[in-house]
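Student: Structure in structure tokens, see below.
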Amino acid sequence: MSEWISAVPAYLVVALVLILPGAAVIVTGWGWRSPGRLLLAPAVSATIAAVAASVAPLVGLRWSVLPLALVTLVVVGIAFLLRRRASADPRPAGPGTGVLALLALALAAVANAVNFARAFGAPGNIAQRFDNIVHLNAIASALQNGSASPFQIGSTSDIGFYPNAWHALTTLGAELTGAAVPVAVNGANLAVVSILWPASVMALAGAFFAERRTAFIAAAALSTGFGAFPALFFNWGVLYPNLVGYAMIPAALAAVVTMLPERGTAALVRSALLVALLAGGTFLGHPNAFLSLLFFAAAVVITSAALRAISARTRGAVLSLVASVVAFGLALAATLAVFRTGAEHSGWTPWQQLSQSLGEGLFVSPRGYNPTTLISILLIVAFFAVARRSRWLPAVMPFAVAVALFAIASGLRIDSPLRQLLTNPWYNDSNRLAALLPLMAIPVATLGAITVVDLARRAMRRTRAPRWIGVGAAAVGVLALFSVATGPNVRMALDQVSEAYAYTDSSLILSSDEEALLERLDSETPEDALIAGSPRTGTSLALAFADREVTQKHVFGNPSPEVLFLNARLRDIDSDPAVCRTVDRLGVDYVLDFGTQDVIDQAGAAAYAGIQDLSPGTHLVLVDEQGPSARLFKIEGC
């Protein structure tokens, strides 16, 4: 693990960015006594970073610490004004809860950081998945242009707007440390999985279960034990923006949960603004993360209103329930309509029968992941606890919604109207919906842990067991909970991550030879060089690895007619004068040829037949090569 020292600076920068701005806002607006509220700090920080990166170019600032600090000061100022009219959070009931929550977060952070660092293999490794091309090049482009706004990030793949929370954090880590793009990406991702993710889900558990110490400890441990999130997003896609968006969902939902019992205009306004802030940050993580939040918030609010209407049986409670149903119904209908995706992006097919998908969802074991026994037991205990006490339904209903969405996408036939209605905004992609399962399963499993602890305490009181037995049992329980970090559910997913990040002779994006050649580009080509090549073979990563401009930054997009012409005809440069004229018009200086190994499928490589498997000639001078298929040519004589 010593080789990971090179990624430590980028990790620390992103970690501090995730902690300090949000902590300043929370302490100013709510005080420091509530650990549940403080655990919202990383999600607040991620929101501030995304907003600051969006605003910076509008006021003529490069993306750096300065715009981050300015936006933080504005939000802190608003929090200060709100605090003057509303009280601070009370202390949690249990003594030492804050310290125990911090220790639990630290343990989860270490476990997740170590697990994922091992899965990544080395600090400079990249995920060999085609979406990674655009994400790596988006970071390099943001560094060049000094902007990580949604509009700049989108330009890498010819999209007008692209959610920027992950890119803002990662670009800042690279900018402040000078780390290479792959190293900065891995450092930022380790910060997200070790700080933002566990803190967020711990905040949700604290909101549901009155900030009990058991809730914080169990949620922290459980954040290390699922394969469907966050590990799946490092293999499927890869989906880095979704990673940040999904990691923020529990924090935003926690803000909704804590707003429900608020009384008084000032307190309600303060809580509503916090919900709006975190919902906006979730959207800047990824729009379908925002839609997921809306579904889960509807489940919590409507269930809470229904329980209140049943118990109170007053006209006001019934009207509140009706208003909740109508408001969320309209909001969901509008959002589902706006976020719909076209047939070319939403053609993912179901992979199993509905009954099997329900079973996989209930035990959070999609994609053939083996269930972890302890987690399964806690989920079953929680189901029985809810059957006995309906007051826990608000904590369980979001999980029911997550299971239903996953089952619909993975278990209903492709032409099902229900599937097209509800899961289209997630591209009908069962993997994206599978990743939602752990987010909402952790509060349920935490309820199972709380139920077990309460039963054990009652048994000890009845038998008058010595205190040391209780202390020993608690220690064993904590160790057992954190053992899920090595359970089969997460282990299978991490093995897949290791496979995705490995360099081999047949890697989908870059082989070992191709990566070595890219590493030498900065010494073999001038800084202003423009390099042509097939993006489907990984040549476009010359931008991310060597800061050299390329004709195409991503597999998709809208290349110019001139670029399309070179893709089809460059090999004819010695015999067709039109090729040289096109080279001159574009200003192309070099060509990277990585053979025909295609990142998606070999059929798609046909459009690049004229720029692959080239031979040296009068105009194509071989500058460098590595292995059988990685070659750099200089264009001369045009």
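The values are calculated or read from the model by the stated rules, or taken from the named source; none is laboratory data. Owing to the predicted nature of the structure, the values given are computational and were not obtained by experimental measurement. For neighbour counting, all protein chains shown are included, and Cβ atoms are generated from backbone atoms with ideal geometry for every residue, glycine included.
Student: Pick out the one residue from A23, A7 that is in a helix (DSSP H, G or I) and crowded, with 23+ Cβ neighbours inside 10 Å. Step through it out loud before you land on a result.
Tutor: On the way: A23 fails: crowded, with 23+ Cβ neighbours inside 10 Å.
Testing whether each residue is in a helix (DSSP H, G or I) and crowded, with 23+ Cβ neighbours inside 10 Å leaves just A7.
Student: Sticking with this structure for a sec: For the stretch 195-202, indicate whether the set of residues that are part of a loop (DSSP other than H, G, I, E, B) and either farther than 22 Å from A298 by Cα or touching a residue at least 60 places away in the same chain (Cβ under 8 Å) (or both) is non-empty. Spell out the reasoning first.
Tutor: First, the residues of the stretch 195-202 that are part of a loop (DSSP other than H, G, I, E, B): none.
No - not one qualifying residue is present in the stretch 195-202.
Student: Considering only residues of the stretch 241-289 that are hydroxyl-bearing (S, T, Y) and more than 18 Å from the chain's Cα centre (by Cα), which is nearest to I78 (Cα to Cα)?
Tutor: Within the stretch 241-289, the subset hydroxyl-bearing (S, T, Y) is 246, 258, 265, 271, 282.
Adding the requirement that they be more than 18 Å from the chain's Cα centre (by Cα) leaves 258, 265, 271.
Values: T258: 19, T265: 16, S271: 12 Å.
Among residues in the stretch 241-289 that are hydroxyl-bearing (S, T, Y) and more than 18 Å from the chain's Cα centre (by Cα), the one nearest to I78 (Cα to Cα) is S271.
Student: Please go through the stretch 224-242 and pick out each residue that is aromatic (F, W, Y) and outside any loop (DSSP other than H, G, I, E, B). Outline the logic, then answer.
Tutor: Within the stretch 224-242, the subset aromatic (F, W, Y) is 226, 229, 233-234, 236, 240.
Scanning the stretch 224-242 gives F233, F234, Y240.
Student: From the set of residues in the stretch 624-638 that are within 12 Å of D589 (Cα to Cα) and among the aliphatic types (A, V, I, L, M), which is surrounded by the fewest Cβ atoms within 10 Å (Cβ to Cβ)? Reasoning before the result, please.
Tutor: First, the residues of the stretch 624-638 that are within 12 Å of D589 (Cα to Cα): 632-638.
If we keep only those that are among the aliphatic types (A, V, I, L, M) as well, we get 632, 635.
Working: L632: 25, I635: 21.
The extreme case among them is I635.
Student: With the requirement that a residue be modelled with pLDDT under 95 and of a type in the set (S, T, N, Q), what does the stretch 304-319 give you?
Tutor: The answer is S311, T314.
Student: Across the stretch 221-263, what is the total count of residues that are among the hydrophobic types (A, V, I, L, M, F, W, C) and free of Cβ contacts under 8 Å to residues at least 40 places away in the same chain? Step through it out loud before you land on a result.
Tutor: Looking only at the stretch 221-263, we keep the residues that are among the hydrophobic types (A, V, I, L, M, F, W, C), and these are 221-222, 226, 228-229, 231-234, 236, 238-239, 243-244, 247-249, 251-257, 259-260.
Then drop every residue that is not free of Cβ contacts under 8 Å to residues at least 40 places away in the same chain, which leaves 259.
Counting residues in the stretch 221-263 that are among the hydrophobic types (A, V, I, L, M, F, W, C) and free of Cβ contacts under 8 Å to residues at least 40 places away in the same chain gives 1.
Student: Tally the residues that are part of a helix (DSSP H, G or I) and of a type in the set (F, W, Y), restricting the search to the stretch 26-57.
Tutor: Of the residues in the stretch 26-57, the ones part of a helix (DSSP H, G or I) are 26-30, 35-38, 41-57.
Next, only the ones that are of a type in the set (F, W, Y) stay: 30.
Looking only at that region, the number is 1.
Student: Being in contact with a helix residue (DSSP H, G or I) (Cβ under 7 Å, 6 or more places away or on another chain), touching a residue at least 24 places away in the same chain (Cβ under 8 Å) and more than 20 Å from A546 (Cα to Cα) narrows it down to one of G121, G160, so name that one. Before the answer, list the steps.
Tutor: On the way: G160 fails: touching a residue at least 24 places away in the same chain (Cβ under 8 Å).
Step by step, each of G121, G160 is checked, and only G121 is in contact with a helix residue (DSSP H, G or I) (Cβ under 7 Å, 6 or more places away or on another chain), touching a residue at least 24 places away in the same chain (Cβ under 8 Å) and more than 20 Å from A546 (Cα to Cα).
Student: Another one. Considering only residues that are farther than 11 Å from A298 by Cα and either of a type in the set (F, W, Y) or touching a residue at least 40 places away in the same chain (Cβ under 8 Å) (or both), which ones fall in the stretch 320-339?
Tutor: T335, L336, F339
Student: Against the conditions (1) surrounded by fewer than 23 Cβ atoms within 10 Å (Cβ to Cβ); (2) in contact (Cβ under 8 Å) with a residue 12 or more places away in the chain; (3) of a type in the set (A, V, I, L, M, F, W, C); (4) within 20 Å of Y240 (Cα to Cα), where does L70 fall short? Just the number, please.
Tutor: (4)
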